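This report concerns only the one structure given below.
Just so it is clear, none of the values below were taken in a lab; they were calculated from the coordinates. Predicted model only: the values in this text are computed from it and were never measured. Don't worry about glycine lacking a Cβ; one is built from the backbone with ideal geometry, like all the others, and counts go over all protein chains shown.
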Amino acid sequence: MRLQQRTVRRNLVACMLVAAALMGIAVQPPSAASAPTVTNPPPQPKDWSALASLPDWSGVWTPNMTDQARRIKTDPVPWNKAAAAQIAKLEAAEQAGDPKGLFINCLPESMPSWMLITHNALEFLFTPGRVTILGESDGNRLRRIYTDGRGHPADPDPTFHGHSIGHWEGDTLVVDTVGILPETYIAVSEAVGIPNNGDLHVIEHIRLEKPDILRDDLEIIAPHVLTRPWKTSRFLFRQRAQKYDIVEGVCLQGNYSERKDAAGNAVFEPVPQTEGGNTLPPSH
Amino acid sequence: MKGSWFRIPMVLAALAVALPVAAHHSFAMFDFSKTMTVKGTVTEFRWTNPHVALLVQLDPQPGASPEVWSMELTSPGNLTRGGWTRHSFKPGDRIELVFNPLRDGRHGGAFDKATILGTGQVISSDLRAAEKPGLQ
């Protein structure tokens, strides 16, 4: 009888483990339980109230493209020798009308190129313990900047936009970003830039320079492609008219046109494009 | 340029032309030293990111078959600041189109401006003029 009970119990445990595995529940070894769980505390009314004392960054912010182009000349990138040689080839190709599109695969412009060369608008959301930047295009263009006092993870999973922590120094948001994928570009245009190749670190000081002009002072530390940190600034201007609200921007949508299939369903159909990503008429 | 396009009036721009902007690719593949002016009929207006596209069937030269060309623009968000909507063009609109062609001769170009022939309305895309806050 006891043997039967043990067998039943053993089978029950086995069934539970199989069920847990099927349900995708991780069965952790006992040692994992000793690591402390860090939780995000629920915000209190005072945390929401504190947001009211932050500077007003509401509205839609569009980068000043003319200034972006100007800054490449006034704040030249300190490329190292190997990087400079690659950049020179890309610049020559662009000037010859054969640009090597860095972003035509529609992967995110990423950090730091989103801040450096984008032409699309963005917006800021302030919530307790966090500043979130939402952008147009790329489909998933956003940055989460933790302002709750946490540090960077010891070994962050590399991502397109990295791991950002921030704090306020007066009306300036200071942002520190690491954990960026080595493949993300340090770009000066859509056709000129090279991968950061790892160990990228970006420090930003973001503040209102004028009531409707936002300034982002960037320090880009990329030891594998730059000889020294690259310091440059970017400026955005604000719109409040509702018609300029940011719209959805799914980069890959541009590779398709809206059609009806044989059954009358509304479907996306690929459109012909050049190697450089330009759309062509259907006959091509 | 090929076929009937040899006869299309081509004007060398005397002044530097402000480059249109693109969200995800360069516009360097367009020849901004060449400005082409043609008449045609809109076949499709794709109001999509990252580049809006306007497809136009150009009026053929006598004896030639009609050709559709694709004009590229910046994003809907940016064009909205220039007063555009997804209804700015509709299929069937007769237009006079000004554009900068692809360098490789394929049937694509960078949109400069268009006049809707029925109304005389001119639609252009000058984002540099909208680089300021507080637009209404």
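Data table
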| quantity | calculated |
| --- | --- |
| Partners for residue A:260 among lysines (Cα-Cα distance below 23 Å; same-chain residues under 8 apart left out) | B:90 |
| Fewest-first sequence of A:58, B:125 by Cβ atoms within 10 Å of each Cβ | A:58, B:125 |
| Dimensionless Rg/Rh of region A:180-284 - Kirkwood Rh, Rg from C-alpha atoms | 1.12 |
| Around residue B:114: net Lys/Arg minus Asp/Glu count, Cβ-Cβ under 11 Å | 0 |
| Set of aspartates and glutamates with alpha-carbon distance to residue B:39 below 19 Å, sequence-local pairs under 8 removed | B:59, B:67, B:72, B:93, B:96, B:112 |
| Computed over the protein assembly as shown, the ratio Rg/Rh where both radii use C-alpha atoms and Rh is Kirkwood | 1.08 |
| Rounded, prolate or oblate (a/c below 1.5 giving rounded, otherwise prolate when a/b exceeds b/c) for region A:104-188 by Cα gyration tensor | oblate |
| Computed FRET value (nearest 0.05) for residue A:46 with residue A:212, which takes r as the C-beta separation and R₀ as 41 Å | 0.85 |
| Pairs of lysine residues in region A:53-244 - Cα separation under 18 Å, sequence separation of 8 or more or cross-chain | 4 |
| Formal net charge of residues neighbouring residue A:239 (Cβ-Cβ distance under 12 Å; K, R +1; D, E -1) | +1 |
| Three-way shape call for region B:90-136 based on the alpha-carbon gyration tensor, with the a/c threshold at 1.5 | oblate |
| Shape metrics for region A:53-244, restricted to C-alpha atoms - Rg then Dmax, Å | 16.3, 51 |
| Distance between modelled label sites at residue A:247 and residue A:84, nm, 7 Å Cα→Cβ extension | 4.4 |
